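Working notes, beginning with the structure itself.
The values are calculated or read from the model by the stated rules, or taken from the named source; none is laboratory data. Predicted, not measured: the structure shown is a model, and the values here were computed from it. Here the Cβ is made from the backbone with ideal geometry for all residues, glycine too, and neighbour counts use every protein chain on show.
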Amino acid sequence: MATETEIKLSLPAHAASQVAKQALLAGVEPQRQLLINTYYDTPDLRLRRERIVVRYRQKGSQWLLTVKTAPQLTAGLAQRSEWEVPARPGAFDFSHVDSDSLRDLLESLRDELQPLFTTHFRRHIWLLEPRHGVRIELALDRGWIDARGQRQTIREVELELLSGELGDLFALAGQLQDSLPLHPEVSSKSERAYRLLADAPLAAVKAPPIATEAGMSCIGAFRMIALSCLYHLQGNEKSVGRSDLPEFVHQARVAIRRLRSAIRLWEPLLPEHFVARFDPLWQGLARQLGDTRNWDVFLAETLPVLAEACSGRGEVERMSSYARRRSASSRRATGKALGTADYSRLLIDFSAALLALPEAGGGPLGTFVPRCLKKSAKQVKKRAVDALGAGVAARHRLRVAFKQLRYALEFFTPILEGPVLSNYHHSASCLQDLLGRLNDLAVAEQLIAEALPGRKGKRLAGWLAAQTESLLPEFSRALNDFQQQREPWQVA
C-alpha cells in the first residue's frame, strides 16, 4: 500500500497554457502521457457510498488496476491509501490490497462491478526538487470526463508529494498562485463524474458530522473541525454566485461562522499570529455573505408577511422592488468575492498554517471540553442578564455568544452524548430560533430604513416594532427555560 498525498487545483482555460512557462519549471523537461481511465462500481453505487475508487488505467500499452480510498478533499488536499498493480482489463484480482476488510468487501462485490464512466486526458509531468530532500510531481491534466454520453472538461494541476513535508507541498501551491489563477478543488475527477452521471442539480452542502474523541489532542480536534468547516464552505462556494437559491449562501455563511466560532473557542491555545492573521479575513467574507443572507431572508420570510399585513400600501411595492435589486447586486458581489485570487489564496494559506500548528498544549480534548463549554455558558449567562428588558444591541450580543455555545455543543456531541445533552440542545434550539426571529425583525427595520428613509417607511417599521414587542414575553420564557437546564458537560 502507498499513501498518496496531493493538492488538486483547478484553473481557467486561458491560464492552462501558462503553466509550462512558469519560472520554476525552467530547465525541467516534462514527461507526456495520454491517460484513459475506466471507473467501476456496482449498480447501486456501493463503492461510492463506501468512498472507494476502483479503476483501470491505460497508460500507453500498459494497463493498471487501481484501488483508492476516497476521503473528502479540503482546500484541494487529498491524503489517501492507494493500491496499484499491472493487470488485464476486466480481471478483478484484489489480492494486492493489504487491508483485510477492504479486500473482503471488494471480493464480495467483484461480480457486480460494471464500468460507469471514463476520464480521458493528456498529462504533462514535471518533477521538481524545491530543496534538498523534497521531491514534488507537478502534473497538468487537460481532457474530459465522459459519463454515458455527457461530457465535462478536465483542466487542473495536481501537486503530489513524493518526499518531504506537507508544508513543502503547500509552499509550492502558494508559489504557483503568485502567477497563476489556481483554485483548490473540492471534488476529485471521480466525484465530478458521479455528479455528471446523476444529471442532478447541485444541492447545498450542510455541515458534515465531526467525530471528535475525548482522547485526541486539543489541536488535533481543532484541525479536524476547521478542515470540516472548509469542506462545508467549498461545497457551496461555486453555487453562491451561479444560483438564486438562498440555501447556498446560507450554508456558506454557516460554514464560516462555525469556523470563526472554533477559532474563538481555541484562541487561548492558538498562536497569536495565527488568530490575528486569519480571523479578520474570514470575518470580511462572513460580512459579505451576511449582507446577501439578510436580503434573502427579508424577501423569502419577512416581506410576504409584511405585504399581507400592510396590503394596498405603496411602501410595500417600493420596498419589494428595492429589495430585489439589492438582493441581486449583493449576490453578484458575494459570488465575485468567492471567485477572487485572494479567496483562493486564503484557502491555501489557512490550510497550510492549520496543518503546521504544533500539537503540544492543551492536553487531551476530554479535559478541554468542560473548561471550554463552561466559559461559553458563562458568557451566555452574563449577556442574558443584559438582554432581558434591553434593546436590539444587547439581544444581538446574546445571540452571538449563544451561537458560539451551540456550535461548541455540536463540535463536542460525540463526547457529551446522553439524555442531558438532548434536553439541553432542544432548549437551546428553541431559544436560538426565537433569537433568530427577533434578529430578522431588527435587520428588516434596518433594511426598510435604507430603502425608505425618513418617514417613507414609518408605517412598515412600526408594524415590525410591534411584532418584536409581541415576541419578547416568549423570549423571556425560553431564556428562563434554557437557564434551568442541567449542563451536559458537568456529567460527561
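Taking the condition of being within 27 Å of the chain's Cα centre (by Cα) and closer than 20 Å to Leu355 by Cβ, how many residues in region 139-168 meet it?
9
Based on what the data block shows, is Arg260 touching a Phe, Trp or Tyr at 6+ places or on another chain (Cβ under 7 Å), assigned by TED's automatic domain parsing to the domain that holds Ser329 and either of a type in the set (D, E, K, R) or modelled with pLDDT under 95 (or both)? Write out each step before concluding.
Numbers: touching a Phe, Trp or Tyr at 6+ places or on another chain (Cβ under 7 Å): yes; assigned by TED's automatic domain parsing to the domain that holds Ser329: yes; either of a type in the set (D, E, K, R) or modelled with pLDDT under 95 (or both): yes.
Yes: the conditions hold for Arg260.
In region 147-159, what residues are of a type in the set (D, E, K, R) and at pLDDT 95 or above?
If the condition is that a residue be of a type in the set (D, E, K, R) and at pLDDT 95 or above, then Arg155, Glu156, Glu158 are the ones that fit.
Here is a check on your reading of the model: is Gly143 free of Cβ contacts under 8 Å to residues at least 12 places away in the same chain and not hydrophobic (A, V, I, L, M, F, W, C)? Let's see the steps before the verdict.
Working: free of Cβ contacts under 8 Å to residues at least 12 places away in the same chain: no; not hydrophobic (A, V, I, L, M, F, W, C): yes.
So Gly143 fails the test.
Could you identify the single residue in Glu82, Glu29 that is out of contact with any Phe, Trp or Tyr (no Cβ under 9 Å at 6 or more places or on another chain) and either outside the structural domain of Ser351 (by TED's automatic domain parsing) or not small (Gly, Ala, Ser) (or both)?
Glu82
Go through Gly241, Gly235, Gly167 for me and flag whichever is at pLDDT below 95, buried (at least 22 other Cβ atoms within 10 Å of the Cβ) and part of a helix (DSSP H, G or I).
Among Gly241, Gly235, Gly167, only Gly235 is at pLDDT below 95, buried (at least 22 other Cβ atoms within 10 Å of the Cβ) and part of a helix (DSSP H, G or I).
Mind listing whichever residues of region 451-478 are touching a residue at least 24 places away in the same chain (Cβ under 8 Å), assigned to a helix (DSSP H, G or I) and within 19 Å of Glu317 (Cα to Cα)?
If the condition is that a residue be touching a residue at least 24 places away in the same chain (Cβ under 8 Å), assigned to a helix (DSSP H, G or I) and within 19 Å of Glu317 (Cα to Cα), then Ala451, Arg459, Leu460, Trp463, Leu464 are the ones that fit.
What's the number of the condition Asp199 fails, among (1) over 25 Å from Glu410 (Cβ atoms); (2) at pLDDT 90 or above; (3) among the acidic types (Asp, Glu)?
Here Asp199 meets the rest and fails (2).
Which number in (1) under 27 Å from Ser351 (Cα atoms); (2) not in a strand (DSSP E or B) marks the one condition that Glu107 misses?
Only one criterion in (1) under 27 Å from Ser351 (Cα atoms); (2) not in a strand (DSSP E or B) is unmet by Glu107, namely (1).
Here is a yes/no grid of residues against (1) in a helix (DSSP H, G or I); (2) of a type outside the set (A, V, I, L, M):
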residue	(1), (2)
Leu347	yes, no
Leu354	yes, no
Glu359	no, yes
Val369	yes, no
Lys378	yes, yes
Arg383	yes, yes
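Which condition does Pro209 not pass, out of (1) exposed (fewer than 14 other Cβ atoms within 10 Å of the Cβ); (2) part of a helix (DSSP H, G or I), if it passes all the others?
(2)
So Ala75 clears everything in (1) surrounded by fewer than 16 Cβ atoms within 10 Å (Cβ to Cβ); (2) on the phi > 0 side of the Ramachandran plot; (3) not charged (D, E, K, R) except one condition, right? Which one?
Of everything listed in (1) surrounded by fewer than 16 Cβ atoms within 10 Å (Cβ to Cβ); (2) on the phi > 0 side of the Ramachandran plot; (3) not charged (D, E, K, R), Ala75 misses just condition (1).
Take the conditions in contact with a Phe, Trp or Tyr (Cβ under 6 Å, 6 or more places away or on another chain), farther than 29 Å from Ile348 by Cα and in a strand (DSSP E or B) and apply them to Leu116. Does it pass?
Here the answer is yes, as Leu116 does meet what is asked.
Restricting the search to region 432-491, which residues are among the small types (Gly, Ala, Ser), farther than 30 Å from Arg325 by Cβ and either surrounded by fewer than 19 Cβ atoms within 10 Å (Cβ to Cβ) or not assigned by TED's automatic domain parsing to the domain that holds Gly391 (or both)?
Across region 432-491, the qualifying residues are Ser470, Ser476.
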